[in-house]
Every structure is written in structure tokens, then in C-alpha cells.
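Trainee: Quick one: the structure is below, questions incoming.
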Amino acid sequence: MIAVVDTGGANLKSVTNALCRLEAEYCLTSDPKKIAAADRVILPGVGAARDAMRRLEAANLIPTLKNLKQPVLGICLGMQLLFESSEEGDVACLGLIPGRVVRLKDDPSARVPHMGWNNLVKCDSEEPLLSGVDEDDCFYFVHSFRAPDGPWVKAMTKHGELLPAIVSYGNVKGVQFHPEKSEQPGSKILRSFIQC
Amino acid sequence: MLRKRLIPCLDVRDGVVVKGVKFADHVVMGDIVELARRYRDAGADELVFYDIKASTVGATVSRSWIERVAVLLDIPFCVAGGIHDVESARTVLAAGADKVSVNSRALARPQLITELADAFGSQAVVVGVDSKIVDQASNDWQVYQFTGSAATMRSTGRRTLDWVREAEERGAGEIVLNCMDQDGVGSGYDLEQLKAVRSQLRIPLIASGGAGAVEHFGAVFKEADVDGALAAGVFHAGLLTIAQIKDYLRGEGIEVRL
């Protein structure tokens with residue numbers, strides 16, 4: 001059973017619809033017990049870091065999320081929340097991966113938000129999430145902030161600068177793009193997570 | 001490298017897809033879910049559903065067809081028409097849409113853009129702008145309002161270049177510029193106007209109105225440097241396929257998603 005953390009965001013439906021299409025067993029929940037007991041946990045998120053952390057706090061989910069031992073996948077803002085802090089609203093996050101999330105550099109040739117389809121570069125061939133992903137596969141990105149560089153980066157994407165697109169650190173993984181909105185390539189990533 | 005996007009727009013009225021010419025004379029094109037699936041399979045990068053009735057009559061866009069589309073669609077889609085406050089936007093986003101687009105309601109109350117961006121983030125807030133030339137000599141464009149039907153349509157007196165800048169400052173994540181003089185005519189995008197608007201903005205800009213041939217897509221990406229091109233009639237009538245356009249663009253050295 002996959003627990004999709006009900007972060008109160010407006011886009012939860014996209015994630016659960018994608019899991020339905022993959023015929024995966026899931027529950028959408030904000031119950032710490034259900035989340036702790038799940039085989040896998042997905043932390044979705046669209047919106048702003050400060051609001052999202054506030055909602056997790058209000059639901060008393062932070063201690064649970066900090067102590068998960070099963071595979072965890074953060075999506076977009078959900079990935080950014082895995083780090084120690086975010087410049088977006090200058091807020092402390094879950095601290096499961098070191099470093100701070102910062103705003104994308106403003107560059108006339110690389111507009112912010114980074115919105116649209118982009119390919120992956122500098123992929124780590126050992127990363128299980130990348131299994132079956134081709135060089136030309138594109139993924140749907142929508143974000144204005146970026147994760148920090150480090151050994152946890154397993155794939156990057158280029159939008160002006162090179163940005164982390166997939167991170168993995170112990171049992172915790174994150175994707176900056178929206179696999180649930182990235183057609184077949186996105187399904188491959190979600191399926192790999194379900195099987196990892 | 002970020003790909004240039006091709007975005008079919010489906011005008012929705014009473015739960016079916018319709019298409020008009022120069023904002024009038026709507027004819028039924030088919031079922032929403034069926035057309036959404038067809039465009040997704042054909043390689044559309046994103047879809048826009050524009051509820052033309054919800055926009056003019058004052059009704060809120062219906063949740064049921066958005067849910068039906070969301071179950072099926074694994075590419076992003078935006079819903080326009082009938083979004084007048086945070087709650088109506090929440091309904092649409094919770095049903096599975098990725099973005100909402102506001103137009104007339106934002107003109108009537110620009111604060112709406114800020115409220116939506118604060119509630120859902122700029123990435124979910126598109127501002128649609130219907131624009132027409134008012135002075136050929138000075139290249140002055142103005143924003144039109146309530147363009148869902150010829151009877152309600154009227155100029156706002158606002159300059160397009162001022163309005164797009166204000167929309168960005170208020171938190172819009174993307175602008176769709178619908179060039180009304182070209183809409184439904186198929187003679188090419190309004191490159192002059194798009195270039196002028198592009199120079200005012202830092203956020204993504206989507207061109208709309210006038211596509212009729214593959215060269216039009218090449219020109220709008222190369223000359224006006226837009227991030228995406230929206231079209232309706234050219235796709236619905238089967239004049240061009242998305243694959244044909246993408247093949248052409250790739251040949252021109254423009255990066256598209258395969």
C-alpha cells in the first residue's frame with residue numbers, strides 16, 4: 001500500500017489518478033499511523049514551501065515524515081520539502097537531505113517559472129528510478145525554486161543553469177518534475193518507484 | 001533544454017467541444033474526453049479547455065467534465081472561463097486541472113490574480129488576454145472583454161502592453177495572448193504584437209490566434225520567442241497534425257518534445 005500524503009494541496013487528484021492508471025494500491029491520507037505503516041510514501045506538493053510546512057505541522061505529520069524508513073518519493077514541492085530549509089518563505093523543512101532550496105536564477109534566456117517539458121542530463125545509470133528512461137524522454141516541470149547540488153543528485157535538467165531533477169538519499173527520493181503529468185516517461189518513473 | 005510547447009485549445013460549451021470563427025458562430029466538434037484523448041495521443045504538450053459559456057453567463061465551470069478529463073489525461077491541462085474567485089479556482093484545480101486561466105474577471109478586479117497566485121502559486125495562474133489593434137500607425141493594442149460572443153464583447157480601453165505587465169507583477173505565471181485580429185483566419189500569428197508583448201514580460205508567453213500552416217509555428221517561435229503556441233481550428237479541422245508541425249519545427253532547429 002502506498003500512502004499519498006494529503007498535504008491539502010489542490011493537485012492531489014493528479015497523483016492519485018496516475019496511481020489509478022498504474023493500478024497501484026494507494027490511500028490518500030493525513031493519518032500519521034497510516035503513513036508510518038505504508039510500504040511506500042508519496043509526498044506530493046504544489047504551492048509554496050511555507051504554506052506546505054504549516055499544513056504538515058497542523059496535521060502533526062512532521063515527526064512521522066522525519067522518521068520514515070520505507071521508500072519515500074517527494075514530487076516537485078514535495079521533493080523540495082525533503083531538504084533542510086527553503087528560501088521560499090525562509091522556512092525550515094523536513095531535513096531528510098542536507099542543504100537549502102533556493103530560487104532559480106533569473107536569466108532572460110531561461111524564464112522563471114521553469115514551466116514545460118524538459119529532458120534529463122547527467123543521469124546516474126545506477127539510479128533505479130531511471131530504469132527504462134530514454135535520453136529523449138521529456139518530463140513536465142513547473143517550479144521557481146531548485147534543490148541544492150550534492151551527491152544525492154541522480155539526474156539534472158538544463159534551464160539556463162543545470163538543476164537537480166532527481167535526487168536520492170538513503171530511502172528518500174525526489175523528482176522536481178511531475179511524473180503524474182509526464183505521459184509515458186512519467187509512468188516509467190512512478191512504476192520504478194512502486195517496484196523499488 | 002526546455003521544449004517549445006504546442007497547445008490545442010478546446011472551446012467547451014454545455015459539455016461539448018465547439019469552435020467558432022472570429023468569436024462567433026459556434027459549431028459542435030465532439031465529446032471533450034474523446035478529443036482530449038485524441039490530442040494527447042497525437043503529441044499535444046498541454047491542453048486548454050475554455051468554457052465559453054461560464055465566462056459570459058456568469059456560471060462557474062462544471063466540475064464533472066474536468067474530473068472525467070483528469071482521470072484520463074497524463075499531460076498538463078488548463079481550464080479557462082468562469083473562474084471568479086479563489087473558491088471557484090480551487091474547485092477546478094481539485095477536480096484535476098493543473099492551471100486556471102482568468103481573463104475578463106481579472107480585468108474587472110485585477111486583485112484576483114494576486115489572490116489566486118497567493119493561494120495556489122503563480123505556476124497555476126494563467127492570464128488570458130484578448131487583444132486587438134486600435135491604431136495601426138502607432139502599433140497600439142487594446143484589451144477586449146467578454147469576448148465569448150459578439151453581443152457581449154467590448155473594449156476595456158486598457159493598453160495591452162500595460163495590462164500584461166500588471167498581470168505579471170500581480171503574480172501571473174504565464175500569459176496567453178489571443179490576437180483577435182488573426183483569430184480563426186489562419187494567416188499566421190500576430191508577430192508584431194507578440195514581439196512587443198514578449199519584450200514586456202519575464203514569465204512564459206503563449207501565442208494564440210492565426211495559426212494555419214507549419215511555417216506560422218516556426219515564425220512565432222523564432223521571431224517572437226514565445227514559449228508555446230496555442231491553436232484550435234487548424235487542429236480541429238484536421239488541416240495540420242501535431243506531428244507535422246513538430247517535424248517541421250525540428251527541421252528548423254527548434255526543440256520540441258518527440
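The values are calculated or read from the model by the stated rules, or taken from the named source; none is laboratory data. If you're wondering where the values come from, they're calculated on a predicted model, not measured in any experiment. A quick note on method: Cβ atoms are made from the backbone with ideal geometry, for glycine too, and the neighbour counts reach across all protein chains shown. What goes into the accessible areas is simple: the full protein's heavy atoms, side chains included, and nothing from ligands, DNA or RNA. Shrake-Rupley method; radii C 1.70, N 1.55, O 1.52, S 1.80 Å.
Trainee: Could you please let me know if A:Val142 is under 14 Å from the mean Cα position of the chain (by Cα), on the phi < 0 side of the Ramachandran plot, buried (at least 20 other Cβ atoms within 10 Å of the Cβ) and more than 9 Å from chain B (Cβ to nearest Cβ)?
Mentor: So A:Val142 fails the test.
Trainee: Which helices (runs of 4 or more DSSP H) sit wholly inside the stretch A:29-108 and have at least 2 residues that are surrounded by fewer than 16 Cβ atoms within 10 Å (Cβ to Cβ)?
Mentor: Counting at least 2 such residues, we get A:32-37, A:49-58, A:62-66.
Trainee: Quick check on my filter: what residues within the stretch B:109-138 are closer than 19 Å to B:Asp183 by Cα and either of a type outside the set (D, E, K, R) or facing chain A (nearest Cβ under 8 Å) (or both)?
Mentor: B:Val127, B:Gly128, B:Val129, B:Ser131, B:Ile133, B:Val134, B:Gln136
Trainee: Working carefully through the options B:Gly188, B:Gly210, B:Gly184, B:Gly171, find the one that is away from every other protein chain (no Cβ under 14 Å), surrounded by fewer than 24 Cβ atoms within 10 Å (Cβ to Cβ) and modelled with pLDDT of 90 or more.
Mentor: B:Gly188
Trainee: From the list B:Val143, B:Val100, B:Val69, which residue is in a strand (DSSP E or B), buried (at least 18 other Cβ atoms within 10 Å of the Cβ), within 14 Å of chain A (Cβ to nearest Cβ) and out of contact with any His (no Cβ under 8 Å at 6 or more places or on another chain)?
Mentor: Selected residue: B:Val100, the only one of B:Val143, B:Val100, B:Val69 that is in a strand (DSSP E or B), buried (at least 18 other Cβ atoms within 10 Å of the Cβ), within 14 Å of chain A (Cβ to nearest Cβ) and out of contact with any His (no Cβ under 8 Å at 6 or more places or on another chain).
Trainee: Another question, then. Kindly check whether there is at least one residue in the stretch A:116-136 that is open to solvent by less than 20 Å² (accessible area, probe 1.4 Å) and assigned to a loop (DSSP other than H, G, I, E, B).
Mentor: Yes.
Trainee: Only one of these conditions is not met by B:Gly171: (1) within 17 Å of B:Leu107 (Cα to Cα); (2) under 14 Å from the mean Cα position of the chain (by Cα). Which number is it?
Mentor: (2)
Trainee: So, one more: May I ask you to verify whether B:Ala150 is open to solvent by less than 10 Å² (accessible area, probe 1.4 Å) and either more than 14 Å from every other protein chain (Cβ to nearest Cβ) or closer than 24 Å to B:Asp227 by Cα (or both)?
Mentor: Taking the combined requirement at face value, the residue does not satisfy it.
Trainee: Just wondering, is there one or more residues in the stretch B:72-86 that are away from chain A (no Cβ under 11 Å), surrounded by fewer than 19 Cβ atoms within 10 Å (Cβ to Cβ) and without any contact (Cβ under 8 Å) to a residue 12 or more places away in the chain?
Mentor: Checking the stretch B:72-86: not a single residue is away from chain A (no Cβ under 11 Å), surrounded by fewer than 19 Cβ atoms within 10 Å (Cβ to Cβ) and without any contact (Cβ under 8 Å) to a residue 12 or more places away in the chain.
Trainee: A further question follows. Kindly indicate whether any position in the stretch B:110-132 is assigned to a strand (DSSP E or B) and surrounded by fewer than 23 Cβ atoms within 10 Å (Cβ to Cβ).
Mentor: Within the stretch B:110-132 (the criterion being assigned to a strand (DSSP E or B) and surrounded by fewer than 23 Cβ atoms within 10 Å (Cβ to Cβ)), the answer is yes, since at least one residue qualifies.
Trainee: Just to be sure before I move on: is A:Val112 on the phi < 0 side of the Ramachandran plot and within 14 Å of chain B (Cβ to nearest Cβ) in the structure I sent?
Mentor: Yes.
Trainee: When the residues of the stretch A:155-179 are narrowed to those that are away from chain B (no Cβ under 14 Å) and open to solvent by 40 Å² or more (accessible area, probe 1.4 Å), which ends up nearest to A:Asp107 (Cα to Cα)?
Mentor: Taking the candidates together, the pick is A:Tyr169.
Trainee: Inspect all residues belonging to the stretch B:161-172 and state whether any of them is in a helix (DSSP H, G or I), under 23 Å from A:His143 (Cα atoms), among the aromatic types (Phe, Trp, Tyr) and touching a strand residue (DSSP E or B) at 6+ places or on another chain (Cβ under 7 Å).
Mentor: No, the stretch B:161-172 contains no residue that is in a helix (DSSP H, G or I), under 23 Å from A:His143 (Cα atoms), among the aromatic types (Phe, Trp, Tyr) and touching a strand residue (DSSP E or B) at 6+ places or on another chain (Cβ under 7 Å).
Trainee: Here is a list of conditions, (1) basic (Lys, Arg); (2) free of Cβ contacts under 8 Å to residues at least 12 places away in the same chain; (3) under 17 Å from B:Glu192 (Cα atoms), and B:Arg159 meets all of them except one; can you say which number that is?
Mentor: Only one criterion in (1) basic (Lys, Arg); (2) free of Cβ contacts under 8 Å to residues at least 12 places away in the same chain; (3) under 17 Å from B:Glu192 (Cα atoms) is unmet by B:Arg159, namely (2).
Trainee: Restricting attention to the stretch A:28-45, and to residues there that are touching a helix residue (DSSP H, G or I) at 6+ places or on another chain (Cβ under 6 Å) and either in contact (Cβ under 8 Å) with a residue 40 or more places away in the chain or over 20 Å from A:Phe193 (Cα atoms) (or both), which single residue is farthest from the other protein chains (Cβ to nearest Cβ)?
Mentor: So, considering only residues that are touching a helix residue (DSSP H, G or I) at 6+ places or on another chain (Cβ under 6 Å) and either in contact (Cβ under 8 Å) with a residue 40 or more places away in the chain or over 20 Å from A:Phe193 (Cα atoms) (or both), the one farthest from the other protein chains (Cβ to nearest Cβ) is A:Pro32.
Trainee: Read through the list (1) within 14 Å of chain B (Cβ to nearest Cβ); (2) in contact (Cβ under 8 Å) with a residue 40 or more places away in the chain, then give the number of the only condition that A:Arg54 fails.
Mentor: The one condition A:Arg54 does not meet is (2).
Trainee: Just to be sure, is A:Gly78 within 14 Å of chain B (Cβ to nearest Cβ), under 16 Å from A:Asn171 (Cβ atoms) and touching a Gly at 6+ places or on another chain (Cβ under 7 Å)?
Mentor: yes
Trainee: Quick check on the stretch B:213-258: of everything there that is among the small types (Gly, Ala, Ser) and in a helix (DSSP H, G or I), which residue is least open to solvent (accessible area, probe 1.4 Å)?
Mentor: So the residue we want is B:Gly218.
Trainee: When B:Ala106 is evaluated against the numbered criteria (1) more than 11 Å from chain A (Cβ to nearest Cβ); (2) open to solvent by 40 Å² or more (accessible area, probe 1.4 Å); (3) under 18 Å from B:Glu169 (Cα atoms), which criterion, by number, is the only one it fails?
Mentor: Every listed condition holds for B:Ala106 apart from (2).
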